[in-house]
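Undergrad: Supplied in structure tokens, the structure appears directly below.
The values are calculated or read from the model by the stated rules, or taken from the named source; none is laboratory data. Given the structure is predicted, the values throughout are model-derived calculations rather than measurements. Here the Cβ is made from the backbone with ideal geometry for all residues, glycine too, and neighbour counts use every protein chain on show.
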Amino acid sequence: MIELQGITKSFGSLQVLRGIDLTIERGEVVSIVGPSGAGKTTLLQIMGTLDKPDSGSIRLNGVEVNRLGEKKLSAFRNKEIGFVFQFHQLLPEFTALENVTIPALIQGVSAGTARKQAQEMLDMLGLSERAAHKPAELSGGEKQRVAVARALINHPSVVLADEPSGSLDTQNKEELHRLFFDLRDKLGQTFVIVTHDEGLAAQTDRTIHLVDGQIVR
Ligand code: ADP
């Protein structure tokens with residue numbers, strides 16, 4: 001599902017990724033751990049086509065993404081990749097339901113269908129009662145689940161999560177983690193999760209240890 005070969009990336013004179021080779025299978029839940037500054041977020045951004053490597057190739061679902069033009073790449077990203085960030089990044093002026101519909105609307109789904117799909121996604125994540133609320137009226141755990149619903153609305157093949165539970169308390173953290181595994185079992189998606197949480201990392205199918213821009217084990 002994800003194949004990275006020889007990925008390097010520098011910011012100015014700082015080499016952040018030093019030749020990353022990594023293959024992740026469909027349906028795997030993989031965690032990426034490592035010290036602060038190791039390059040975890042940069043790697044996830046490159047995997048998600050939000051940033052470009054200096055060299056190396058990236059295949060996602062069989063597509064060599066470096067070869068796509070900007071327009072095709074952005075359509076591919078919106079369809080195939082779901083992102084979940086530490087700070088949910090919901091739009092404050094829209095309701096939970098509206099926030100979840102946005103990627104579907106960008107994808108060209110009609111407003112009615114997008115609303116129906118968003119409602120189904122919120123139902124599945126136990127948020128039926130919260131659909132009409134704006135982010136400010138939701139708890140931290142609820143906001144993060146809305147962000148997960150938004151990441152999943154287009155049924156992406158890959159979900160990339162950067163410290164998704166970083167802002168949550170222990171109980172919400174555990175619920176969010178359980179949710180990722182439930183979703184993988186139900187929908188078969190591939191999850192890549194950057195985390196500092198050793199507990200979560202230990203539950204994933206595989207843990208990638210990144211130190212100084214290299215995979216050490
Ligand atoms: P991690 O997620 O493991 O903490 P990051 O990938 O965020 O590591 O960052 C790795 C290094 O790259 C850090 O030293 C960071 O300051 C630097 N860095 C990340 N993004 C940028 C950027 N856009 N411009 C310059 N330096 C960056």
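Undergrad: Restricting to region 135-163, give me the number of residues that are of a type in the set (Asp, Glu) and in a helix (DSSP H, G or I).
TA: Final tally of qualifying residues: 2.
Undergrad: Mind listing whichever residues of region 103-136 are out of contact with any helix residue (DSSP H, G or I) (no Cβ under 7 Å at 6 or more places or on another chain) and under 17 Å from residue 89 (Cα atoms)?
TA: Correct list: 134, 136.
Undergrad: Considering region 106-115 alone, what residues qualify as being modelled with pLDDT of 95 or more and part of a helix (DSSP H, G or I)?
TA: Those that are modelled with pLDDT of 95 or more and part of a helix (DSSP H, G or I): 111, 112, 113, 114, 115.
For (1) within 16 Å of the ligand (Cβ to nearest atom); (2) modelled with pLDDT of 90 or more; (3) part of a helix (DSSP H, G or I), each residue gets a yes or a no:
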position: 165; (1), (2), (3): yes, no, no
position: 171; (1), (2), (3): no, no, yes
position: 175; (1), (2), (3): no, no, yes
position: 209; (1), (2), (3): yes, yes, no
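Undergrad: If the requirement is being buried (at least 20 other Cβ atoms within 10 Å of the Cβ) and without any contact (Cβ under 8 Å) to a residue 60 or more places away in the chain, which of these qualifies: 122, 138, 187, 160?
TA: 122
Undergrad: Please state which of the following conditions residue 144 fails to meet, knowing it meets all the rest: (1) closer than 28 Å to residue 39 by Cβ; (2) without any contact (Cβ under 8 Å) to a residue 12 or more places away in the chain.
TA: So residue 144 meets the others, but not (2).
Undergrad: Which residues, counting only those in region 19-28, are away from the ligand (no atom under 16 Å from the Cβ) and either touching a residue at least 60 places away in the same chain (Cβ under 8 Å) or in a helix (DSSP H, G or I) (or both)?
TA: Within region 19-28, 21, 24, 25, 26, 27, 28 qualify.
Undergrad: More than 22 Å from residue 183 (Cβ to Cβ) and either near the ligand (Cβ under 9 Å from one of its atoms) or part of a strand (DSSP E or B) (or both), is that true of residue 8?
TA: Answer is yes for this residue.
Undergrad: I'm told residue 94 meets every condition in (1) over 19 Å from the mean Cα position of the chain (by Cα); (2) closer than 30 Å to residue 196 by Cα except one. Can you identify the failing condition by its number?
TA: (2)
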